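**Q** Would you mind keeping the following structure in view while I ask a few things?
The values are calculated or read from the model by the stated rules, or taken from the named source; none is laboratory data. Note that the structure is a prediction, hence the values are computed from the model and not measured. In this analysis, Cβ positions are derived from the backbone assuming ideal geometry, glycine residues included, and neighbour counts consider all displayed protein chains.
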Amino acid sequence: MRGAFKVLLITAAVIALAPGVARADGYFVPWAAANAGNGLNFNDNGRASVGVIAGGMGAGIVGGEVGFGYSPSFFGTEGDFGRNTVVDLMGNVIVGIPVGGTHDAGVRPFATAGLGLLRTQIDGGTLATVSSSNNMWGWNAGAGVMGFFNDHVGLRGDVRYLRGFENQVTGVSTIDANPNQLHFWRASIGLVLR
């Protein structure tokens, strides 16, 4: 009987002293956006893009996310540049402060930055008669806010800057402010599901 009591006491102590289960605040965000100011001297102001973000934040403050964006007719209308797109796939670190807690209604301003892939595709047209595609490394940084109506649904808005490392004229990858590198701003809004 004493052996069973000791086992029960040790088991209770281990359970009581064990760290609590870590909770990650996971989320999924389908979004729509407008792009502005690409670095290749084309007028893309207001061009639309769509995408999704999936991520999670440990303790509601620091986390990671993966974002995919698709920008059709990025370089201009299909008549001038044929079918043309820019696709981005980025892995980011996100840091935010949950105002009102990590559950129920609340607001979370955040900053985010990361690295990933930028892909351009041009398929003919009157100004660009050849087809070309290019994959390049790129980076992005931005800030925004998530607002939650309840535990599971909210809205997210952010502004971010995306830039490729590759010079579009020479094909050389550099880390500088060369105007020949693909670069643009994106303002997005999306529905947050957590």
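**Q** Against the conditions (1) surrounded by 13 or more Cβ atoms within 10 Å (Cβ to Cβ); (2) modelled with pLDDT under 90, where does THR126 fall short? Just the number, please.
**A** Here THR126 clears every test but (1).
**Q** Only one of THR102, THR120 is assigned to a strand (DSSP E or B) and modelled with pLDDT under 95; which?
**A** Result of the check over THR102, THR120: THR120.
**Q** Of the residues that make up segment 62-71, is at least one under 12 Å from PHE184 (Cα atoms), at pLDDT 55 or above and part of a strand (DSSP E or B)?
**A** Taking every residue of segment 62-71 in turn, at least one turns out to be under 12 Å from PHE184 (Cα atoms), at pLDDT 55 or above and part of a strand (DSSP E or B).
**Q** Follow-up. Report every pair of residues separated by at least 6 positions or lying on different chains whose Cβ atoms are under 7 Å apart, first residue within segment 158-175 and among the aromatic types (Phe, Trp, Tyr), second modelled with pLDDT of 95 or more.
**A** Qualifying pairs under 7 Å: TYR161/ASN140; TYR161/ALA141; TYR161/GLY142.
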